[in-house]
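Trainee: After the structure tokens below, expect a handful of questions from me.
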Amino acid sequence: MAEQRRLRLFRGTREGGELKEYEVAAGEGMVVLDAVHAIQAEQAPDLAVRWNCKAGKCGSCSAEINGKPRLMCMTRMSDYAPDETITVTPMKAFPVIKDLVTDVSWNYEVNKRIPAFQPRKPDAPDGTWRMYQYEVERPQEFRKCIECFLCQDVCHVLRTHEKHDQFMGPAMLVRAAVYEMHPLDQADRRDHLRHEGGIGFCNITKCCTEVCPESITITDNAIIPLKERVVDANYDPLAALWRKLTG
Amino acid sequence: MPQASDLRSHDYDVVVIGAGGAGLRAAIEASAQNAKVALVCKSLLGKAHTVMAEGGAAAALGNVFPEDSWRVHFRDTMRGGKLHNNWRMAQIHAQEAPDRINELEAWGALFDRTPDGRINQRPFGGHTYSRLAHVGDRTGLEMIRVLQDKGVHSGIDVHMECTITRLFVAGGKIAGALAYFRENGRFVLFRTPAVILATGGIGKAWQITSNSWEYTGDGHALAYDAGAELIDMEFVQFHPTGMVWPPSVRGILVTEGVRGEGGVLKNSAGERFMFRYMPDMFKGDFAETEAEADAWVKGDRKKNRRPPELLTRDVVAKAITKEIAEGRGSPHGGVFLDIASKQSPDFIKKKLPSMYHQFKELAHVDITEDAMEIGPTTHYVMGGVKVDAETQESTVPGLYAAGEVGGGMHGANRLGGNSLSDLLVFGRRAGQNATSKRGAASAIPDAEVEQAMREALEPFERQGENPYAVQAALQAVMQRDAGIIRDKAGLENALSELAKLKVRARKVGITGSREYNPGWHTAIDLHSLIVVSEATARAALERTESRGGHTRSDYPESVDTQARELIVIKRDGDRMVVRREPQPPIPSDLMAIIKEGK
């Protein structure tokens, strides 16, 4: 049943590298990560690749497969024609460490600076809260994020314009949205989102939503409502002043 | 030649190894006591095994069944563990789990809700009442994200993609640890009077496993090397439901939540075979007819008893193994798990979204229409570092263990849902107690550090065998000889094969640089894999009975006199020694709780 498949993998470091071709026997149901592992085990033991769960739950094995940001563990070899060479390269929006592994530490730094969750006082004397399913479902959508950073990779503000120092990117906006839309949260992140987070850089091209392996509606459900909040915070006082002046 | 003086080094009050639920919870607690804390993890933060936990965290909150209490949870845990558990740990766990879950909510967790706005709880194998706080079927992801965010705002230093290779003991207590960074292969020395192991399990020692590359038993081996005792290593949990087809996904977990939400197990004849596998201990607690089980699933839970599919994991895994062995398996060597005929597509997609996605993407099976093919997969080790129930300190002063790497809590078999709560309860306790060691750590002799670095680098010096080949050979041995059903001949064979593999492991060679070189990492991990494999095989050979996750075809019965006996493993020079040790008897008041309802 096994057929020979050709893969081209990026081999190299920060200093540069090249695409190297490998052949691997592909069995039924094989995913790209399996092929990469087979190459690692038999032909190139020092081939660098991240992975953990192999079931689309941890977001470790992000890469670009034929130029498209994807999880290697959820991309089946049979999605490509048998004679097609499958090219796997590291995410472009982050610096390469080695081969398919990139330095994603920037995301962790950005996350650290998002103002922390601040719950309201407990609702019940035993220190617990009451929340209803319809209330939690909205932020629960954002908690599905597995931190694969594929949305960061595809976002042109980061990928093409390299505004990492001015824009937190869709993944971190989703992260902020969890707390902003959390029924118990009382912190105000609007100033952070506007200035340090650079939410204005997003011009709603929705590329992030398209690549999300968890099908989070990043743009419509997270970013646009956050943009609205930021706008309200910044322009409401002016409107208030205007009303005052005009009576 | 590596020099200790060339090392980067750090001083901490507490070093936590592993950043899953237990490690994060421990680090948060130690930091809350104003300790200077390092959290060291083999992968990126947030990728640990906890993230894959699906079903939920067990805690007697009583939100769905007000009659639930710590007593019932304790009883279920002890009976599920076949009375082998460290009773004090099981008691602490049952008593403290509700507070730990509520605490997560205070830190931002968004559990699914009951109609009156409280944390909802789902039924699970071996639990008398619906007890698992959950978020669909991605509870672990929720937990780890909440702990991660709490952790990064707690002033903890996180060292990511950093693997510990050696613990140092000086003057009879922990003095530090040596690690290398995956990114550049450089070494780092942590000087500390307290180390908390939170490294998880050993599942990568088997071929068919739900565990990732990280689960090579590092914490077990580090503790063993440092002179600590391991217990219960014969008790390995084979989860009844792993994917079996296609081959590339074999072993990937299918949550017990499928059965909790009404999924049934069927053999090739279409029979719901679990009715035939009721152990005496649980007779009377489970439905005896399909009609009764179906009524329970439909929500009438006061008058009807649970379906037998919700028996404990050891029982279900063995039943499935038997059905397959007797020729009633599915086309690809499993059995069928069917929820499509029991629940509506909308319900399934809502309650089990990641299972729906996983089968659709990886197996091209729509679980709202067709049955899944499943079979047992290596999932969890009940055994681990022997710890004090109150403090989590091991037999080496200053060395603590929490979560899967700790032994005793789950006895011979862990109940589903008891792991996530275990991580929180004992992670917190370990973090709290480890700070008591605060103060200057004992000096580590340079020669020991240099020796450890040299050993780690040795594979670069050799033109030897590929480390992946040795790892694969080890997995094949453990799968064949120390799997779900064992016997004397197989285990003895495993030990002699492991002795040969130990020699091969010392001769592996690698190519390439020290920068992010997985071949090198695999070569280093082989030591841990061999230690835990040998410990499992030796303990399994010593226990001449069948109990929970340890089944001997040559000793098929449980022997009451062995129920409270521990198999203890310890290093003596280069030799692994095994001895039996009686556990303290279960106090009469707790024994009365266990016997209630029987």
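Trainee: Going residue by residue through the range B:246-264, is there one that turns out to be among the aliphatic types (A, V, I, L, M), over 22 Å from residue B:420 (Cβ atoms) and buried (at least 24 other Cβ atoms within 10 Å of the Cβ)?
Mentor: No: zero hits.
Trainee: Would you pick out the residues in the range B:57-77 that are in a helix (DSSP H, G or I) and surrounded by fewer than 24 Cβ atoms within 10 Å (Cβ to Cβ)?
Mentor: B:70, B:71, B:72, B:74, B:75
Trainee: Taking the options B:338, B:388, name whichever one is without any contact (Cβ under 8 Å) to a residue 40 or more places away in the chain, acidic (Asp, Glu) and surrounded by fewer than 24 Cβ atoms within 10 Å (Cβ to Cβ).
Mentor: Answer to the selection: B:388.
Trainee: So, one more: Being within 20 Å of residue B:535 (Cα to Cα) and in a loop (DSSP other than H, G, I, E, B) is the filter here, so list the residues in the range B:398-439 that pass it.
Mentor: Scanning the range B:398-439 gives B:402, B:407, B:408, B:409, B:410, B:411, B:412, B:413, B:414.
Trainee: Would you pick out the residues in the range B:139-194 that are among the hydrophobic types (A, V, I, L, M, F, W, C), under 22 Å from residue A:175 (Cβ atoms) and modelled with pLDDT of 95 or more?
Mentor: Correct list: B:141, B:143, B:144, B:146, B:147, B:156, B:158, B:160.
Trainee: What strands (runs of 3 or more DSSP E), lying completely within the range B:165-224, carry at least 1 residues that are away from chain A (no Cβ under 14 Å) and surrounded by fewer than 24 Cβ atoms within 10 Å (Cβ to Cβ)?
Mentor: It comes to B:173-181, B:187-191.
Trainee: While we're looking at this one, here's another question. Inspect all residues belonging to the range A:227-235 and state whether any of them is at pLDDT 95 or above, at negative phi and part of a loop (DSSP other than H, G, I, E, B).
Mentor: Scanning the range A:227-235 turns up no residue that is at pLDDT 95 or above, at negative phi and part of a loop (DSSP other than H, G, I, E, B).
Trainee: Additional query: Go through (1) crowded, with 24+ Cβ neighbours inside 10 Å; (2) more than 7 Å from every other protein chain (Cβ to nearest Cβ) and name the single condition residue A:23 misses.
Mentor: For residue A:23, the failing item is (1).
Trainee: Continuing with the same structure: Restricting the range B:34-59 to residues that are among the small types (Gly, Ala, Ser) and away from every other protein chain (no Cβ under 14 Å), which is nearest to residue B:256 (Cα to Cα)?
Mentor: Only one residue tops the list, namely B:56.
Trainee: On the given criteria, is residue A:29 surrounded by fewer than 22 Cβ atoms within 10 Å (Cβ to Cβ) and assigned to a loop (DSSP other than H, G, I, E, B)?
Mentor: Criteria met by residue A:29.
Trainee: Name the single residue, out of those in the range B:503-527 being facing chain A (nearest Cβ under 7 Å) and surrounded by 22 or more Cβ atoms within 10 Å (Cβ to Cβ), that is farthest from the chain's Cα centre (by Cα).
Mentor: So, considering only residues that are facing chain A (nearest Cβ under 7 Å) and surrounded by 22 or more Cβ atoms within 10 Å (Cβ to Cβ), the one farthest from the chain's Cα centre (by Cα) is B:510.
Trainee: What helices (runs of 4 or more DSSP H) lie completely within the range A:35-154 and have 2 or more residues being within 8 Å of chain B (Cβ to nearest Cβ)?
Mentor: Once the helices (runs of 4 or more DSSP H) in the range A:35-154 are filtered for at least 2 residues that are within 8 Å of chain B (Cβ to nearest Cβ), what remains is A:105-113, A:133-143.
Trainee: Just a yes or no: is a residue in the range A:5-15 at the interface with another protein chain (Cβ under 9 Å from one of its Cβ atoms), over 22 Å from residue B:523 (Cβ atoms), in contact with a Ser or Thr (Cβ under 6 Å, 6 or more places away or on another chain) and not in a helix (DSSP H, G or I)?
Mentor: For the range A:5-15, residues at the interface with another protein chain (Cβ under 9 Å from one of its Cβ atoms), over 22 Å from residue B:523 (Cβ atoms), in contact with a Ser or Thr (Cβ under 6 Å, 6 or more places away or on another chain) and not in a helix (DSSP H, G or I): absent.
Trainee: Let me confirm something: among A:93, A:41, which residue is over 26 Å from residue B:523 (Cβ atoms), touching a helix residue (DSSP H, G or I) at 6+ places or on another chain (Cβ under 6 Å) and of a type in the set (A, V, I, L, M)?
Mentor: Only one candidate passes the filter, namely A:93.
Trainee: If you go through the range B:440-449 one residue at a time, do you hit one that is assigned to a helix (DSSP H, G or I), within 13 Å of chain A (Cβ to nearest Cβ) and in contact with a Phe, Trp or Tyr (Cβ under 7 Å, 6 or more places away or on another chain)?
Mentor: no
Trainee: Determine whether residue B:250 is within 14 Å of chain A (Cβ to nearest Cβ) and either in contact (Cβ under 8 Å) with a residue 60 or more places away in the chain or of a type in the set (Lys, Arg) (or both).
Mentor: Yes; evaluated as a whole, the condition is true for this residue.
Trainee: Take residue A:154 and decide whether it is in contact with a strand residue (DSSP E or B) (Cβ under 7 Å, 6 or more places away or on another chain) and either among the aliphatic types (A, V, I, L, M) or crowded, with 24+ Cβ neighbours inside 10 Å (or both).
Mentor: The answer is yes for residue A:154.
The values are calculated or read from the model by the stated rules, or taken from the named source; none is laboratory data. Everything numeric here is computed off the predicted structure, so don't read it as measured data. Methodologically, a virtual Cβ is constructed for each residue, glycine included, from the backbone with ideal geometry; neighbour enumeration extends over all protein chains shown.
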